[in-house]
Amino acid sequence: MIVDRVLVQGGGIGGLVAATALARRGVEVDVVERRLAGSVLGVGLNQPSNALRAMEEIGVLDDCLAAGYQWDDLRMISADGTVLAEIPPPPAPGLPARNNGIQRRELCRVLLDAAAKAGARLYHDATTAALRDDDDGVEVTFTGRDTPAPGRYDLVAGFDGIRSAARRYLFGDRYEPRLTGFSVWRISLPRPPELDGVVYAFAGNVKATLIPLSADDSYIALVAPEESVQQKTTPSRIAAQMRAMLQEFGGWIGGLAKHISQENSAAHGPIEQVTLDEPWYRGRVLIGGDAAHATSPHMAQGAAMAAEDAVVLAQELERATSVAEALDAWWKRRIPRAGLVQDYSAELMRQEQGKASSGRPEAAGTSDPGRARSPCPAVLNRAGPGVHPRMIDEDD
Ligand SMILES: Cc1cc2nc3c(=O)[nH]c(=O)nc-3n(C[C@H](O)[C@H](O)[C@H](O)COP(=O)(O)OP(=O)(O)OC[C@H]3O[C@@H](n4cnc5c(N)ncnc54)[C@H](O)[C@@H]3O)c2cc1C
């Protein structure tokens, strides 16, 4: 291994997968996470088969499946409750499931346990104060309640989310998140008996996504255009807005309005995107996950991409003979896949609003050659996650 000591900034999904993958290979890993221990953002998510493949790589596939809800067909439902299509996900050879809905707090628990078991050290309420990158390493100082001692690392991996400080360290304000004109409202819900797989439903300009997370729990996300984003809102106001939006739906989905009661979990925010026009690293500092390529959630692939970034990073560091070679190979493997997800997701968002683009979507707005390999076929027409990227261990 060409690195002995790695600092991971951000203990979310990508950061914890990176920490585990590296520590399992004998690397000394410190993780600094800005949030307090035990605080998890968000409700739940779906792990498609490529995310499950990444979980398998770091040895937590069974734990994720035990904590989650496996499902097969995706259903598309019209405003009046008619089932428009039942779409089987692509096969996932060698995996016991093709999709797994999971509570974010459960996924976080599984990943924290795995990182600690592999030997990574996790510091909550901590972040970097300053980085100084030279040819041979990165000098780092920290700030927070419980931090590592100032020291030198062979590599700093910024998996610190859409508002990444590591991205700002590398590129200034050049790649701040861009608004897409859409927002998402989401809340926990007891699992309706009808919900045995992911459901997409459409009414007017609202798209509802329902994901089962366990035998008892599920969550619902509503996506709609919102040109000027609400600055100050409250969980009860968000829940009230969701009830009003659900009035547009017929059948059992419309009937969910009266079950929206777990108001504490209600969240709302604009859908934003981050697209870089250059490699996701400089010297010995890199960014991955949402920090490098945050996407609209239309393919349920953001966390999957962060986990893939992390697993592939460890693979390339193991394979290469220098950090520069490893990071170049890593980024070249990752950019086509992250770009594909961003492009498809943005196109889906437009098609669902009747604004399909002709040819390749411009959402990525990048001149990167890897991105040009992301055709956006017409079959996308409301096909959603029927169009899955390949698995990470297939030919990239
Ligand atoms: C509505 C919605 C639904 C989604 N559904 C899915 C889905 O079904 N499937 C899927 O794969 N993806 C989904 N996603 C996307 C997914 O949530 C993200 O892509 C994923 O969380 C990105 O992981 P990450 O590790 O890059 O960043 P994050 O999960 O955001 O983690 C970043 C971490 O870094 C920490 N941090 C931030 N700044 C600092 C700092 N300066 N110092 C230290 N720590 C810092 C944060 O506290 C956080 O813990 C969805 C997103 C949305 C908005």
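A short reminder: the numbers here are calculations on the coordinates, not readings from a lab. Because the structure is predicted, anything quoted here is derived from the model rather than measured. Here the Cβ positions follow ideal geometry from the backbone for every residue, glycine too, while neighbour counts run over all protein chains shown.
Our note on the geometry: Cα centres of the range 123-137 and the range 42-83, 35 Å apart. Packing, as the average of other Cβ atoms within 10 Å across residues, places the peptides 81-93, 125-137, 57-69 in the order 57-69, 125-137, 81-93, highest first. Measuring r between the beta carbons of R25 and R243 and using R0 = 41 Å, the FRET efficiency lands at 0.25. Between D62 and V229, the modelled labels are 4.2 nm apart [label points 7 Å from Cα along Cα→Cβ].
Label sites at S322 and S214, each approximated as a point 7 angstrom past Cα along Cα to Cβ, lie 5.0 nm apart. All distinct Cα pairs of the range 44-85 go into the 1/r average, and the inverse of that average, the Kirkwood radius, is 12.2 Å.
For the chain, give the magnitude of the charge dipole about the Cα centre (Cβ charges: +1 Lys/Arg, -1 Asp/Glu; no others), in debye to the nearest 20. Intermediate values should be presented prior to the final figure.
Details: 42 positive and 52 negative charges, 163 e Å.
It comes to approximately 780 debye.
Computed across the chain, the Kirkwood radius stands at 21.4 Å (inverse of mean 1/r, all Cα pairs).
Report the extension gain between D136 and E176 in nm, rounded to one decimal, defined as 0.36 nm multiplied by the number of residues separating them, less their alpha carbon distance.
Numbers: separation 40, 0.36 × 40 = 14.40 nm, distance 2.89 nm.
Once the chain is fully extended between D136 and E176, it gains 11.5 nm.
Give the Kirkwood hydrodynamic radius (Å, one decimal) of the range 180-272, defined as one over the mean of 1/r across all pairs of different Cα atoms. Value: 13.2 Å, from the Cα pair sum. Close amide-amide hydrogen proximity is noted between S218 and L189, R191, L213, each under 5 Å apart and 5 or more residues distant or on a separate chain (H modeled in the peptide plane; Pro and chain starts excluded).
R0 = 35 Å: FRET efficiency of D125 with E278, Cβ-based, nearest 0.05? It comes out at approximately 0.60. Farthest towards the positive end of the charge dipole of the chain, among the residues G288, L327, H124, is the Cα of H124, using unit charges on the Cβ of Lys, Arg, Asp and Glu. In whole angstrom, how far apart do the alpha carbon centroids of the range 187-266 and the range 273-322 sit? Each part reduced to its Cα centre gives a spacing of 30 Å.
Membrane-span-like helices in the chain (whole DSSP H runs, Cα extent of at least 20 Å along the helix axis, mean Kyte-Doolittle hydropathy of at least -1.0): 104-118, 302-319, 323-352.
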